[in-house]
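**Student:** The structure that follows is given in the form of structure tokens.
The values are calculated or read from the model by the stated rules, or taken from the named source; none is laboratory data. As the structure is a prediction and not an experimental result, all values here were calculated from the model. Reconstructed Cβ throughout: ideal geometry from the backbone, glycine too, with neighbour counts over all protein chains shown.
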Amino acid sequence: MATRTRRPERRQEPLSRESIVGAAVELLDTVGEGGLTFRALAERLATGPGAIYWHVTGKTELLAAATEAVVATTVAGDDTDATPQEAIRALALGLFDAIDAHPWVGTQLARTPSQAPMLWVFERIGRRLQALRVPEAAQFTAASALMSYILGVAGQNAANARAAQPGTDRTEFLDAVATAWAALDPDEYAFTRNVAGQLREHDDRAEFVAGIDLILTGITARR
């Protein structure tokens, strides 16, 4: 007697662009950009690839929409009682945490500097700099410096997390790197050897905020 193959259950609720983007974010978090295919997405949504194409034209648009969804949540809402410096720190930390949780976001932001998510961040930073009364001629440079630092450090932090061996926690990873630094040639890498102990003990978020404060101090000093 032949055994019939059980067909996968079909979704009951209507498919929407929002549900597709939400599933794409989950898939990207799990398997990264390489694993984001319409076939895998269709299986997760219990639908067919054709139904997804009705809402999204291709992978490029899907990646852009997923990035927008994450960044929109990060930049949503402004604390009207916060000082410009506090608002910039909060925005920077929000992006740091978002890229830490969704490492692919940092890559997408770097690839699409003229798209909405980057412009949202740039606009919010720029308005805070205007509130600090930074001279107009210096505003673009100041905003660009902050953007480069935020995306660069947040992206590197996410890359470091991915580089760690599976099952290795952050403390073990930093200890291994610090040990390697301490063993470098003392003449060629005198500074790196000297700060190896600080690498082992530092807190990523605290160091990130300290860097933001250094940039803000320079910006306000020039003002």
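**Student:** Within segment 13-42, count every residue that is surrounded by 14 or more Cβ atoms within 10 Å (Cβ to Cβ) and over 25 Å from the mean Cα position of the chain (by Cα).
**Tutor:** 2
**Student:** Here are the criteria: (1) of a type in the set (A, V, I, L, M); (2) touching a residue at least 40 places away in the same chain (Cβ under 8 Å); (3) under 24 Å from A82 (Cα atoms). Tell me which single one A110 does not satisfy.
**Tutor:** (3)
**Student:** Say whether the condition of being within 24 Å of W104 (Cβ to Cβ) and crowded, with 16+ Cβ neighbours inside 10 Å is met by at least one residue in segment 182-190.
**Tutor:** no
**Student:** Pick out, from segment 174-223, the helices (runs of 4 or more DSSP H) lying fully within it that include 3 or more residues that are in contact (Cβ under 8 Å) with a residue 24 or more places away in the chain and under 30 Å from T141 (Cβ atoms).
**Tutor:** In segment 174-223, the matching helices (runs of 4 or more DSSP H) lie at 204-222.
Rundown of residues vs (1) under 21 Å from V75 (Cα atoms); (2) of a type in the set (S, T, Y), yes/no style:
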{"position": "R111", "(1), (2)": "yes, no"}
{"position": "S114", "(1), (2)": "yes, yes"}
{"position": "I125", "(1), (2)": "yes, no"}
{"position": "T171", "(1), (2)": "no, yes"}
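**Student:** Quickly run through segment 91-120 and pick out the residues that are hydrophobic (A, V, I, L, M, F, W, C) and either touching a Cys at 6+ places or on another chain (Cβ under 9 Å) or crowded, with 18+ Cβ neighbours inside 10 Å (or both). Spell out the reasoning first.
**Tutor:** Step one: list which residues in segment 91-120 are hydrophobic (A, V, I, L, M, F, W, C), which gives 91-93, 95-96, 98-99, 101, 104-105, 109-110, 116, 118-120.
Matches in segment 91-120: L91, A92, L95, F96, A98, I99, W104, V105, L109, M118.
**Student:** Which numbered condition trips up R133, out of (1) among the basic types (K, R); (2) within 30 Å of A65 (Cβ to Cβ); (3) not in a helix (DSSP H, G or I)?
**Tutor:** All conditions are met except number (2).
**Student:** From the list A66, A40, A51, A46, which residue is under 18 Å from Q108 (Cα atoms) and out of contact with any Ser or Thr (no Cβ under 8 Å at 6 or more places or on another chain)?
**Tutor:** When all the criteria are applied, what remains is A66.
**Student:** Please state which of the following conditions I150 fails to meet, knowing it meets all the rest: (1) assigned to a helix (DSSP H, G or I); (2) closer than 19 Å to R222 by Cβ; (3) of a type in the set (V, I, T).
**Tutor:** Evaluating I150 over (1) assigned to a helix (DSSP H, G or I); (2) closer than 19 Å to R222 by Cβ; (3) of a type in the set (V, I, T) leaves (2) as the failure.
**Student:** Please find, within segment 13-32, the residue that is nearest to G106 (Cα to Cα) out of those that are modelled with pLDDT of 90 or more and either touching a strand residue (DSSP E or B) at 6+ places or on another chain (Cβ under 8 Å) or among the charged types (D, E, K, R) (or both).
**Tutor:** D29
**Student:** Any idea which of A110, A90, A65 is assigned to a helix (DSSP H, G or I) and more than 27 Å from I219 (Cα to Cα)?
**Tutor:** Working: A110 fails: more than 27 Å from I219 (Cα to Cα); A90 fails: more than 27 Å from I219 (Cα to Cα).
None of the others qualify; the one that does is A65.
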